[in-house]
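The structure appears below as structure tokens.
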Amino acid sequence: MVTHPGFNKRFIARSSVLAACALAALFLVQCSGGDGSAIFVMEPLPYSQDALAPTISADTMGFHYDKHYAGYVKKANALTKGKGFSGKTAEAVIQATAGDASKAGVFNNAAQAWNHAYFFKCLKPGGGGAPEGLLAEMIDSAFGGFVEFKALFITAAKDQFGSGWVWLVLDEGKLAVVTSANADTPLAHGLIPLFTVDVWEHAYYLDYQNRRVDFVQSVLDNLANWDYVAAQLEKAQPSQG
């Protein structure tokens with residue numbers, strides 16, 4: 001596992017589960033076939049920019065998707081073009097540059113492009129509530145219940161100093177809540193992302209000013225796409241025959 005200085009692992013609680021998964025199952029930012037075309041592509045939003053209101057306004061989503069996310073994708077492609085990354089996946093670029101100070105610009109933009117693509121898919125209009133099935137069972141086992149999980153996730157978001165991300169991940173088959181600073185990502189540490197909330201100020205400041213906790217609470221209550229998260233968890237399970 002590559003240790004990145006900005007990564008703050010909060011192993012708040014865990015649940016045992018057998019998991020063996022190639023990161024390819026979680027590819028959200030796609031790569032080229034090595035013909036010199038861009039490695040990173042903008043994932044289309046699975047909903048309109050005003051569909052997440054009032055939790056996330058159209059103004060916030062417009063800036064977040066069209067400016068911040070688009071900027072990371074553009075810069076990641078510019079920084080990787082002609083630099084020996086041809087044919088690599090976005091995930092491979094992230095893993096190859098994590099912890100390398102000489103490639104910090106590549107890592108930061110590549111990881112932010114990937115993180116944002118994943119975050120947008122973790123949301124949906126009319127989401128929130130409690131998950132069902134295996135995901136619910138694992139949350140109950142790991143955290144003592146969904147209410148307890150939400151409280152721990154929100155506390156992690158509150159305690160994350162400065163910009164970053166809060167994640168629900170699988171770490172060697174165990175469920176955990178972790179935070180990452182700035183552009184850092186679980187992909188750089190051998191962890192499997194399941195769910196995330198962006199806690200950079202650009203994700204919420206227009207709507208919530210400095211009320212980060214209210215933003216994360218509202219995402220969990222109203223937008224969390226547990227169906228998508230459950231699907232990623234299912235992909236992370238070993239084949240049952």
Over region 119-241: Kirkwood hydrodynamic radius from C-alpha pairwise inverse distances, Å: 14.7
Shape of region 183-241, Cα gyration tensor, a/c cut at 1.5: oblate
Which of Ala142, Gly128, Tyr118, positive extreme of dipole for region 51-156 (C-beta unit charges): Tyr118
Sulfur and carbon atoms: percent of accessible area, region 87-202 [1.4 Å]: 51
Accessible surface, region 55-194, averaged per residue in Å² (probe 1.4 Å): 36
Using θ = phi - 60° and Karplus 6.51 cos²θ - 1.76 cosθ + 1.60, couplings along region 159-173 (whole Hz; Gly, Pro as x): 7, 5, 6, x, 6, x, 9, 10, 10, 9, 9, 9, 10, 6, x
Prolate/oblate/rounded call for region 75-163, Cα gyration tensor, a/c under 1.5 rounded: prolate
For region 74-124: rounded, prolate or oblate by the Cα gyration tensor [a/c cutoff 1.5]: prolate
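Cα-based Rg of region 126-171 per 2.2 N^0.38 Å, rounded to two decimals?
1.24
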DSSP-assigned coil residues among trypsin sites (Lys or Arg not before Pro) in region 158-241, each with at most 13 further Cβ atoms within 10 Å: Arg211
Protection-proxy order for peptides 78-87, 123-132, 52-61, each taking the mean of Cβ atoms within 10 Å per residue, highest first: 52-61, 123-132, 78-87
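The values are calculated or read from the model by the stated rules, or taken from the named source; none is laboratory data. Predicted model, so just to flag it, every value in this text is computed and none were measured. Note: ideal-geometry Cβ built from the backbone for every residue, glycine included; neighbour counts use all protein chains shown. Areas reflect the complete protein model, heavy atoms only, side chains present, ligands, DNA and RNA absent. Shrake-Rupley method; radii C 1.70, N 1.55, O 1.52, S 1.80 Å.
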